[in-house]
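Asker: The structure's right below; bear with me while I get my questions together.
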Amino acid sequence: MRSPFLPAALTLLLLAGCAGRTTATPPPAPPPAQVAGPEPTTPEGLLPGIPLDGLSAAQQQLVAQVAQEEFCYCGCPHTVSQCLRQHAGCHHAKRMARLAVRLAMAGLPKAEVQQTLARYYASFDRPRRARLELDGFGPPLGDPAAPVTLVEFSDFTCPFCQMLRPVLEKFVSDRPGRLKLYYKPFPIESHPHAVEAAQAGEWARDQGIFWTFHDLMFGRPHALAPDDLVGYAREAGKDGDDLAAALESGRYRYKVEGSQAEARAAGLRGTPTLFFGGRLHVVPDYSEWMLEFTLQDEEEWQEHQRWSRDEP
């Protein structure tokens with residue numbers, strides 16, 4: 001089934017990157033709260049105010065069941081459905097329900113929807129966030145003073161990274177002052193010339209032309225042999241012989257390998273992988289809708305260092 005998240009080719013990002021991924025065990029749910037009144041029996045009754053357009057009858061039922069079983073992530077003792085029906089001031093329940101709709105629309109079965117919801121909300125906890133080294137990996141794309149730091153681990157030879165690139169760059173450029181993007185290398189060593197391209201990117205940082213070189217390499221993914229890279233250096237007005245010497249000596253290999261080791265320790269299992277403020281983006285969706293959704297959540301979390309309190 002084609003995902004509604006992305007164009008047909010980019011939909012593949014939902015299920016795989018350039019390497020496999022693993023899942024985490026969801027935390028146990030709190031005991032059910034007792035809420036007075038009869039339980040509705042239709043998805044519309046169980047999910048008041050939540051658009052269900054585009055879902056099949058089976059998918060609507062799936063989301064309704066999830067809303068009856070999952071507790072609102074704000075920490076209240078009510079299920080999502082109970083919050084939607086009896087706590088109009090809870091904006092968290094509305095957001096959680098919309099995310100469940102999004103996952104169901106992608107064709108995920110009920111168990112995966114619930115597991116993804118659990119992993120997503122657990123990922124905001126401070127102990128789960130990675131401490132990523134950014135010194136020496138600038139400049140960022142976007143406003144350096146923006147409060148949210150988005151880090152992408154990527155491979156210039158990865159087709160999934162190539163497909164995400166325009167989505168991600170437009171996402172950042174359309175939101176000035178809200179977030180900045182750092183690129184960190186994670187070459188898939190089985191890909192021809194991936195390691196050389198990653199090292200060339202780090203050479204370009206030291207030359208002050210990282211994003212220019214980044215665009216050149218992503219624009220020519222099938223021409224990344226050392227001679228090609230040297231040609232791009234000269235095209236960018238830099239010393240191609242110095243890049244050739246850097247590749248020959250492995251001058252930047254240690255830096256690239258350090259980035260790879262850091263990413264693995266932070267939970268990376270494939271490329272591309274994103275971190276918002278050190279938080280691993282665990283939802284298999286890289287669409288603008290999902291990126292904006294999770295950015296809003298990150299902004300809320302950073303402002304309060306927890307979820308904000310809902311209205312009574």
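The values are calculated or read from the model by the stated rules, or taken from the named source; none is laboratory data. Keep in mind the model is a prediction, meaning the values are calculated, not measured. Heads up, the Cβs are rebuilt from the backbone with ideal geometry, glycines too, and the neighbour counts pull from every protein chain shown. In case anyone asks, the SASA skips ligands and DNA or RNA and just uses the protein heavy atoms, side chains included. Shrake-Rupley method; radii C 1.70, N 1.55, O 1.52, S 1.80 Å.
Asker: Taking region 124-163 only, how many residues are open to solvent by less than 10 Å² (accessible area, probe 1.4 Å) and among the hydroxyl-bearing types (Ser, Thr, Tyr)?
Answerer: 1
Asker: Counting only residues that are closer than 16 Å to Cys161 by Cα and either modelled with pLDDT under 95 or surrounded by fewer than 18 Cβ atoms within 10 Å (Cβ to Cβ) (or both), how many does region 271-300 have?
Answerer: Going through region 271-300 one residue at a time, the tally reaches 2.
Asker: Another question, if that's okay. Restricting attention to region 158-171, does a residue exist that is part of a loop (DSSP other than H, G, I, E, B) and out of contact with any Cys (no Cβ under 6 Å at 6 or more places or on another chain)? Spell out how you get there, then give the answer.
Answerer: Pass one, region 158-171, residues part of a loop (DSSP other than H, G, I, E, B): 158.
Filter again for out of contact with any Cys (no Cβ under 6 Å at 6 or more places or on another chain), leaving none.
No, every residue in region 158-171 fails to be part of a loop (DSSP other than H, G, I, E, B) and out of contact with any Cys (no Cβ under 6 Å at 6 or more places or on another chain).
Asker: Let me ask something else. When only residues in region 84-96 that are closer than 14 Å to Gly45 by Cβ and not charged (D, E, K, R) count, which is surrounded by the fewest Cβ atoms within 10 Å (Cβ to Cβ)? Break it down stepwise before answering.
Answerer: So in region 84-96, the residues closer than 14 Å to Gly45 by Cβ come out as 84-86.
Of the ones still in play, those that are also not charged (D, E, K, R) are 84, 86.
Values: Leu84: 23, Gln86: 14.
Of everything passing the filter in region 84-96, Gln86 is surrounded by the fewest Cβ atoms within 10 Å (Cβ to Cβ).
Asker: Considering (1) touching a Lys or Arg at 6+ places or on another chain (Cβ under 6 Å); (2) farther than 21 Å from His92 by Cβ; (3) among the aliphatic types (A, V, I, L, M), say which one Val282 fails and leave the rest.
Answerer: Every condition holds for Val282 apart from (2).
Asker: Of the conditions (1) open to solvent by 30 Å² or more (accessible area, probe 1.4 Å); (2) touching a Leu at 6+ places or on another chain (Cβ under 7 Å); (3) farther than 21 Å from Thr273 by Cβ, Val230 satisfies every one except a single condition; which number is it?
Answerer: Exception for Val230: condition (1).
Asker: Sort out which residues of region 233-247 are open to solvent by 10 Å² or more (accessible area, probe 1.4 Å) and either part of a helix (DSSP H, G or I) or β-branched (Val, Ile, Thr) (or both), and write them in order of number. Break it down stepwise before answering.
Answerer: Quick first cut of region 233-247, residues open to solvent by 10 Å² or more (accessible area, probe 1.4 Å) only: 234-239, 241-242, 244-245, 247.
Selection gives Arg234, Glu235, Asp241, Asp242, Ala244, Ala245, Leu247.
Asker: So, in region 248-266, exactly how many residues are open to solvent by less than 30 Å² (accessible area, probe 1.4 Å) and either aliphatic (A, V, I, L, M) or modelled with pLDDT under 95 (or both)? Steps first, answer last, please.
Answerer: Restricting attention to region 248-266, the residues satisfying the condition of being open to solvent by less than 30 Å² (accessible area, probe 1.4 Å) are 250, 252, 256, 259-260, 263, 266.
Filter once more, keeping what is either aliphatic (A, V, I, L, M) or modelled with pLDDT under 95 (or both): 256, 263, 266.
The qualifying residues number 3.
Asker: Please verify whether region 167-186 includes one or more residues that are over 16 Å from Leu295 (Cα atoms), without any contact (Cβ under 8 Å) to a residue 24 or more places away in the chain, over 14 Å from the mean Cα position of the chain (by Cα) and surrounded by fewer than 22 Cβ atoms within 10 Å (Cβ to Cβ).
Answerer: Step one: list which residues in region 167-186 are over 16 Å from Leu295 (Cα atoms), which gives 183-186.
Next, only the ones that are without any contact (Cβ under 8 Å) to a residue 24 or more places away in the chain stay: none.
No, because not a single residue in region 167-186 is over 16 Å from Leu295 (Cα atoms), without any contact (Cβ under 8 Å) to a residue 24 or more places away in the chain, over 14 Å from the mean Cα position of the chain (by Cα) and surrounded by fewer than 22 Cβ atoms within 10 Å (Cβ to Cβ).
Asker: For residues that are assigned to a helix (DSSP H, G or I) and open to solvent by 60 Å² or more (accessible area, probe 1.4 Å), tally how many sit in region 97-123.
Answerer: The initial filter retains those residues of region 97-123 that are assigned to a helix (DSSP H, G or I), namely 97-105, 110-122.
Then keep just the ones that are open to solvent by 60 Å² or more (accessible area, probe 1.4 Å); that gives 98, 112, 115.
Total meeting the criteria: 3.
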